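Q: Got a structure here, written out as structure tokens. Questions coming.
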Amino acid sequence: GTRDFLDSYFDVGDTGRLVRYDVDVASNSANVISPLSDRTVEFPRLNDNQWSRSHRYAYVGASRHPTRAQPLQCWTKVDYSTVTTEGRVGEQVLYDAGEKGFVGEPTFVPRANTSGREDDGYLIGMVFNGETLETDFVVVDARGGREAIVVNIPDIRLPLPALHGTYTRRVFL
């Protein structure tokens, strides 16, 4: 018989897990803090202004289930400042694509006239709708608590599971 997509490829082998490396350039060493989440995650991103700096937040494509290996169906905000006694970080689902939706890499875009807060901006990215076989462009407030803006892009069907994205302030035409 046929198997459900969620139970086919994802129930074998290791999956992506969130780890963090603390690098000490002076001593030429790195400390691995692992795992920070039991959720299947990929494509960790952060505010580009924070690269190579201490940062509080990261944004990841994640499985809907908190522990089971599944495809990436939501974008999750990771808060490194809220670590549990088990060593896990705080997580907030910012966007859930639903049972038939599959997310690509979230890209952080700073808000115009930003307040200076590290999470003052938006997550943008592509989401494949497995029911309609179409692609949506999604915009989510990175601070959380607001409804997502979803724009259907007709006649574009992006392959799964690797939908990568980047952002630049410069326009290339």
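Q: Just the residues that are touching a Gly at 6+ places or on another chain (Cβ under 7 Å) and open to solvent by 40 Å² or more (accessible area, probe 1.4 Å), please, taken from the stretch 124-154.
A: Met126, Asn129, listed by residue number.
Q: A further question on this structure: Can you tell me which of Val89, Val138, Val127 is under 15 Å from Leu46 (Cβ atoms) and either at pLDDT 90 or above or within 15 Å of the chain's Cα centre (by Cα) (or both)? So that I can check it myself, show each step before the final result.
A: Working: Val138 fails: under 15 Å from Leu46 (Cβ atoms); Val127 fails: under 15 Å from Leu46 (Cβ atoms).
Just one listed residue meets the conditions, Val89.
Q: Separate question: Out of (1) at pLDDT below 85; (2) surrounded by 15 or more Cβ atoms within 10 Å (Cβ to Cβ); (3) part of a loop (DSSP other than H, G, I, E, B), what's the single condition that is false for Ser115?
A: All conditions pass for Ser115, except number (2).
Q: Moving on. Among Gly121, Gly104, which is the only one that is open to solvent by less than 30 Å² (accessible area, probe 1.4 Å), under 17 Å from the mean Cα position of the chain (by Cα) and modelled with pLDDT of 90 or more?
A: Result: Gly121 is the single residue among Gly121, Gly104 that is open to solvent by less than 30 Å² (accessible area, probe 1.4 Å), under 17 Å from the mean Cα position of the chain (by Cα) and modelled with pLDDT of 90 or more.
Q: Hey, could you check the stretch 60-86 for residues that are open to solvent by 20 Å² or more (accessible area, probe 1.4 Å) and among the charged types (D, E, K, R) and say which is farthest from Phe43 (Cα to Cα)?
A: Glu86
The values are calculated or read from the model by the stated rules, or taken from the named source; none is laboratory data. Source: prediction; values computed, not measured. Because the Cβ atoms are built from the backbone with ideal geometry, glycine has one as well, and the counts that use them run over all protein chains shown. Each accessible area value is taken on the protein alone, full model and side chains, heavy atoms only, with ligands, DNA and RNA left out. Shrake-Rupley method; radii C 1.70, N 1.55, O 1.52, S 1.80 Å.
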